[in-house]
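The values are calculated or read from the model by the stated rules, or taken from the named source; none is laboratory data. This is a predicted model, so every value here is computed, not measured. Backbone-built Cβ (ideal geometry, glycine too); neighbour counts: all protein chains shown.
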Amino acid sequence: MSGHAAESPRLTAGIDLLRRCGALSFRIGFSPEEDGRPIVWYAVAEWAHGADAAAALIPERAVLRLCEQVIDGGRCRHCGRPTVFTPDSDTTILDLAGCVYAWDPELATFRRSCEGDTP
């Protein structure tokens with residue numbers, strides 16, 4: 001990544017989560033400075049069936065929006081429940097909605113709530 005953004009643990013973990021969800025490729029970039037302010041960051045993941053993209057004013061948020069877009073409304077391959085993504089570690093309310101992919105600060109990764117419960 002360029003000097004425009006420092007890598008954060010959530011940004012790196014978000015990219016890893018997209019890879020674990022089957023992304024064949026990933027790229028992140030930003031709008032040209034000559035286009036004026038604000039600079040917009042984008043994240044793009046390519047899959048066997050097409051591509052998904054998300055944008056934000058900071059790179060981490062663009063990646064996390066893409067994770068949310070890809071994961072929300074899916075179905076967990078492990079427990080069969082609907083999938084939900086949150087960049088936070090407190091999932092108390094969301095756990096009722098399905099299998100939550102949430103931030104684990106101890107391991108610096110996004111983990112699904114059924115992890116360890118099912119093979």
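Report yes if some residue within the stretch 26-43 is among the acidic types (D, E) and under 15 Å from the mean Cα position of the chain (by Cα); otherwise report no. Scanning the stretch 26-43, I find no residue that is among the acidic types (D, E) and under 15 Å from the mean Cα position of the chain (by Cα), so the answer is no.
Answer with yes or no whether I39 is outside the structural domain of R111 (by TED's automatic domain parsing), touching a helix residue (DSSP H, G or I) at 6+ places or on another chain (Cβ under 8 Å), outside any strand (DSSP E or B) and farther than 19 Å from W103 by Cα. It is true that I39 is outside the structural domain of R111 (by TED's automatic domain parsing), touching a helix residue (DSSP H, G or I) at 6+ places or on another chain (Cβ under 8 Å), outside any strand (DSSP E or B) and farther than 19 Å from W103 by Cα. Within the stretch 58-86, the set of residues being outside any helix (DSSP H, G or I) and among the basic types (K, R) comprises R75, R77, R81.
Please enumerate the residues belonging to the stretch 106-119 that are in a loop (DSSP other than H, G, I, E, B) and either basic (K, R) or touching a residue at least 40 places away in the same chain (Cβ under 8 Å) (or both).
A108, P119
Among the residues of this structure, A54 counts as one that is assigned by TED's automatic domain parsing to the domain that holds P9, of a type in the set (A, V, I, L, M) and in contact with a Leu (Cβ under 9 Å, 6 or more places away or on another chain). Taken over the stretch 87-102, the criterion of being outside any loop (DSSP other than H, G, I, E, B) and either surrounded by fewer than 17 Cβ atoms within 10 Å (Cβ to Cβ) or in contact with a strand residue (DSSP E or B) (Cβ under 6 Å, 6 or more places away or on another chain) (or both) is satisfied by L94, D95, L96, C99, V100, Y101. Of all the numbered requirements in (1) among the polar types (S, T, N, Q); (2) in contact (Cβ under 8 Å) with a residue 12 or more places away in the chain; (3) surrounded by 13 or more Cβ atoms within 10 Å (Cβ to Cβ), S31 misses one, and that requirement is (2). Among all positions in the stretch 90-106, there is at least one residue which is of a type in the set (S, T, N, Q) and modelled with pLDDT under 95. Filtered by the rule that a residue be without any contact (Cβ under 8 Å) to a residue 24 or more places away in the chain, surrounded by 15 or more Cβ atoms within 10 Å (Cβ to Cβ), within 18 Å of C21 (Cβ to Cβ) and out of contact with any Asp or Glu (no Cβ under 8 Å at 6 or more places or on another chain), the stretch 55-79 gives R65, E68, D72, G74.
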